[in-house]
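The values are calculated or read from the model by the stated rules, or taken from the named source; none is laboratory data. It should be emphasised that the depicted structure is a prediction, and the values quoted were computed from it without experimental measurement. As a convention, Cβ positions derive from the backbone with ideal geometry for all residues, glycine included, and neighbour counts pool all protein chains shown.
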Amino acid sequence: MPTPASPRPARTRNPRGEGGRLREDIMAAATELLEESGDQSSVTLRSIARRAGVAAPSIYRHFPDQPSIMLAVVQQAFAMLEADLRSAVDAAGSDARERLFAFCNAYLDFADQHPGRYRTMFGGAWMPDLGSSSVTEGDVSSLGGESLTLLADALEDCVRAGCATSSDPVADAVALWLGLHGLAHQRLVTVAFPWPADIAERLITTLAHLDEA
């Protein structure tokens, strides 16, 4: 188990107009705590303030409560994921099948490289009952929307290219994401399992209704 890092020195007050830097520092502190511990319960207002080197009350000028900090961290993580997915798809060239596989492999790589953040993105343990905090249903329902749209577009391109037989790319994109998420999650939480070397390819080919290459 990682040992808690020492708190940062007391933070110098930002010059007028630089309050946004404190907001970024708070988010960075929360992300560091999450990545180090892998445990959402360790990311408290007190631990965030200690890591960021600020007094806890100063956090309230930027975030009304702890869930709002976690929401910002999760939104940032989804933005990182989307950027990775777009880069992978663009780098794959014009072949529709290759672009779909590039998306799926980049998704699995992100989960593997950012385990604490990934679990929080989909774990939901940080999320209070809607209505009891500043986090709204709209905040939650929008998470991951851009990435799912990108996946549906990639699958639809495969249908148009004649290498997939999906009759509903949007619904099948959801099914494919669930498969990818399940694989990513189990790889993170399973200590030892003899995964078939081609398990990702098998999953993607089946759920995307791809023709055999």
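One residue stands out in region 80-101 among those that are among the small types (Gly, Ala, Ser), in a helix (DSSP H, G or I) and more than 17 Å from the chain's Cα centre (by Cα): the one that is surrounded by the most Cβ atoms within 10 Å (Cβ to Cβ), namely Ala96. Answer yes or no: is there a residue in region 65-79 that is surrounded by fewer than 20 Cβ atoms within 10 Å (Cβ to Cβ), closer than 27 Å to Asp139 by Cα, modelled with pLDDT of 95 or more and of a type in the set (S, T, N, Q). No: zero hits.
Test Ser147 against the criterion of being part of a helix (DSSP H, G or I), within 16 Å of Val74 (Cβ to Cβ) and touching a residue at least 40 places away in the same chain (Cβ under 8 Å), and give yes or no. Yes; evaluated as a whole, the condition is true for this residue.
Every test in (1) charged (D, E, K, R); (2) in contact with a helix residue (DSSP H, G or I) (Cβ under 8 Å, 6 or more places away or on another chain); (3) under 30 Å from Ser132 (Cβ atoms) is passed by Arg97 save one, and that test is (3). Of the residues making up region 109-139, those that are in contact (Cβ under 8 Å) with a residue 60 or more places away in the chain, over 22 Å from Val191 (Cβ atoms) and in a helix (DSSP H, G or I) number 1.
Under 22 Å from Val170 (Cβ atoms), of a type outside the set (Ser, Thr, Tyr), touching a Phe, Trp or Tyr at 6+ places or on another chain (Cβ under 9 Å) and touching a residue at least 40 places away in the same chain (Cβ under 8 Å): does that describe Leu81? Here the answer is yes, as Leu81 does meet what is asked.
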